[in-house]
Structures are given as structure tokens and as C-alpha cells.
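The next block holds one structure in the form of C-alpha cells; read it before the comments.
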Amino acid sequence: MAQGQFTCRWAALSLSNIASVFLPDLLLPRESSTSIKHELVSVSTTRSASRAADWLRKHKIPDAESVSIYYSWEEMLEKGNFDIVYISTPHPLHYAHVQKALRCKRNVLVEKPATMNRAQFIQLCQLAKERGVVLMEAMWTRYIPATLYFQHELLPRIGEVKRVYAEFSLPIISPDLSLESRFLDKAVGAGSLLDQGVYALTWADLALNGLPSSQDRTQTRVVHAHSIPVPNVQGEVDDINTVILAKLQNNERGSKRSEAVAIVTMSMTLSGSSKIPFYQRLQAKKAAPAVRIEATKASVSIPFPPIRPQELHVQWYGEEHLNENGVETEEVVKMPVERGWGLWYQADIIAEKVASRKGDSQGMGEVIGEEESERVLGWMDRAREMAGIVYKATLEEV
């Protein structure tokens, strides 16, 4: 093992569908020269002992027999011996589960959306800082190499971003889907805005707000939102959603001027076949790019799926890039995920932060990506309000 390598011990609150992807990805073999490696030491579940053990074996969890199985998530948070808890329960439960974890002084990686609304997230951020621990929303797309290349290498060079199209639709709903599915149950937060829109809105945020600026006087707001529900389903589960954002700049007179616009779309019924397995759907080729970012010197397009980008298509049309005939320069930047699905990149980020804070029990806690997560949650709040997407008040309580 490399000198200084940190073994991050994880607990999983829920053996959910996304956990069945995240945990095997997290535990892929590491080179001895890497600074971080991960192991799963505890899980909480409502399954029987035999079913939980079968789940661990089925998903090829290393040393599965040594994983501690708790049948009370509260007990795991209170008594377990681990560094970070991964919370992947339905999003209406995130607020209570994360709150308990933070009160137990646990570092937390919580699936997106982190909470049902911005107000809940703000409360959790404050609690994390008070308790001296690390909180992070599992928006893994932000930490994929292609995304980081876009934000840190391309975005500073493509000029002012003026227009963004961000789309994430996946045919989850089909005629043979059980009406008991969580994708159709508003009591567990069903709806394409929260499930899928969070990804598309994240790309709008990266494009419009990805460059830090100490003198930035702009504000990005939702100016329009429209929703079409899933047909023949009780409870008005939102499906085909359109959200328009405007980036506004405050001038010295106090009025606002539009600087850029983003059109964000999502759906659980469009487009493509819902018959093929879920993860094959995520790898299907689409006729149009999932994201297109148009700036004054170049445009950048990202093929489907936008949640796991692996290449960036750039068309340079600034004066310095045109050939002698005035034709644009085309570039394809390939940035493949190193291994697995790439969910482990975000795990490395929080693990490195936790490792650096070891022994600093008196310090104030931190929230990784706090500003970005809070901004996107605020947009979803406003979009739901404008489009008439309503959940039970109990799911939104702070």
C-alpha cells in the first residue's frame, strides 16, 4: 500500500437500486499508488439477513461476509464504525436521514436531489457546519473528467455564454410499468423534474455560472416553467417539463438586463424505447446532442447521456480560430471515464476532504458544492411553483 494511502470506510443507508450501481463502482480495485481506496463496512436494510447477504454477494461486494448488517438505520448511524455514510433512500426521506446522520456527527454523501427543496438543504448545510462534519450532494456528473475539462479548460476560452440547451429525457415510464412503481408514486417524490431535471439544470448551471468571478453582478432566475403530467396516472406526476432560465445582470441604476438564456427539458416517457434494460437506455445513441452551449467564440455540444459525458464536440468560430476561408474549426475532445460508471470520482472528492480533516474535530464543518446545489434546488422550487407541480406539505417541511 502506498505511503499515506487513506482507506475510507463506508456505510450504506439503504440497499437501493442506485446503491447497486454506486457501491460496486466505489469498490473497484485500486492501484497501490493511489491516495484513496474505499471499503464497505456497514449497511442498513429492511431485508432479512439472508436477503441482505445475497444482495451483497450478487453485487460482488468484496469481503461481503465482514460487512455489518443493521436492521435499524438509526442504530447504524449511532453505533457504526465508519468514515462516511452514503444515503440513497427516496428523496423525500433525505432530509430526516441526513439530519440524523449529521446530529450523530457523520460525514454524509446524499443522493441527488439532496432534499425536496432549498430550505431543507440550507438547514442541513448549517447543521453540518455546526457539527464539524462534511456534507456533499452526490451530483456525480460535476466530477466526471469531461465535465471538469469543460468547466476549467473550455469555459474560460469560449467567450461569453449566450444560449444553453440542456436536455435529459429517459423512457422510464412504459405501459407495462406497475402503478406501484416509485416513479409513479408522488409520496416518494416521483416526477421527472426532481428525478431527471436536476441533471439538466446542473448543466445549465455549469454553463452559466461555472466561472468564478469576484465582481460578478449577475443572477440566474427561472422565468418560465411548463409541465405535462404522465397520462392516466393519479396524482399529476410531472413528465414532460420545460424550464427557461435567464441570466440577468444588475446595472448601476438597479435595473436588470438579460445576458444569457437556458432552455432545459426533461421527460420520463420521451424519447426512445423503454423495453431495453435501464443501463442500456443510458448508453443509447440519440439523434441530437443532450447539451449545447453557445458562446461568443465557440459552441460545445455533449452527446447523450449528459449524466456521464465522455467527449465534448467543439466548434470554434472566434476570429482567431477561422481558417483563411472563414470556416470554423472543429474539435472533438475525448475524456473517457477511467473505470466503471465513474460514480467513484465523487466518492474520492469527499473521501479526500474527510481524510484531510482527520483529527480536526473542533473545526467547522464543510459542504462540498454548497453554492451550486443550493442554486439548482432553488431553481427547481421556482419551476415547480410556476408549473403547478405540488407535493404533500409534509414532504417539504423543515
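The values are calculated or read from the model by the stated rules, or taken from the named source; none is laboratory data. As the structure is a prediction and not an experimental result, all values here were calculated from the model. A quick note on method: Cβ atoms are made from the backbone with ideal geometry, for glycine too, and the neighbour counts reach across all protein chains shown.
Counting residues in region 106-116 that are more than 25 Å from Phe183 (Cα to Cα) and surrounded by fewer than 20 Cβ atoms within 10 Å (Cβ to Cβ) gives zero. Is there a residue in region 138-154 that is assigned by TED's automatic domain parsing to the domain that holds Arg292, surrounded by fewer than 20 Cβ atoms within 10 Å (Cβ to Cβ), touching a residue at least 12 places away in the same chain (Cβ under 8 Å) and over 29 Å from Trp341 (Cα atoms)? For region 138-154, residues assigned by TED's automatic domain parsing to the domain that holds Arg292, surrounded by fewer than 20 Cβ atoms within 10 Å (Cβ to Cβ), touching a residue at least 12 places away in the same chain (Cβ under 8 Å) and over 29 Å from Trp341 (Cα atoms): absent. The residue that is surrounded by the most Cβ atoms within 10 Å (Cβ to Cβ), counting only those in region 226-247 that are touching a residue at least 40 places away in the same chain (Cβ under 8 Å) and β-branched (Val, Ile, Thr), is Val243. When Tyr199 is tested against the conditions (1) without any contact (Cβ under 8 Å) to a residue 24 or more places away in the chain; (2) in contact with a Pro (Cβ under 7 Å, 6 or more places away or on another chain), the lone failure is (1). Among the candidates Leu248, Leu179, Leu211, Leu184, the residue that is closer than 21 Å to Met139 by Cα and not assigned by TED's automatic domain parsing to the domain that holds Lys112 is uniquely Leu211. Within region 168-188, being of a type in the set (S, T, N, Q) and either in contact (Cβ under 8 Å) with a residue 40 or more places away in the chain or in contact with a Gly (Cβ under 9 Å, 6 or more places away or on another chain) (or both) holds for Ser169, Ser174. Scanning region 53-91 for residues that are surrounded by fewer than 20 Cβ atoms within 10 Å (Cβ to Cβ) and in a helix (DSSP H, G or I) gives Ala53, Asp54, Trp55, Arg57, Lys58, Ala64, Glu65, Ser66, Glu74, Glu75, Glu78, Lys79.
All of Val314, Val223 fail the test of being over 22 Å from the mean Cα position of the chain (by Cα), aliphatic (A, V, I, L, M), more than 22 Å from Arg382 (Cα to Cα) and surrounded by 13 or more Cβ atoms within 10 Å (Cβ to Cβ), apart from Val314.
Here region 334-393 is the region considered, the condition is being part of a loop (DSSP other than H, G, I, E, B) and of a type in the set (Val, Ile, Thr), and the residue that is surrounded by the fewest Cβ atoms within 10 Å (Cβ to Cβ) is Val390.
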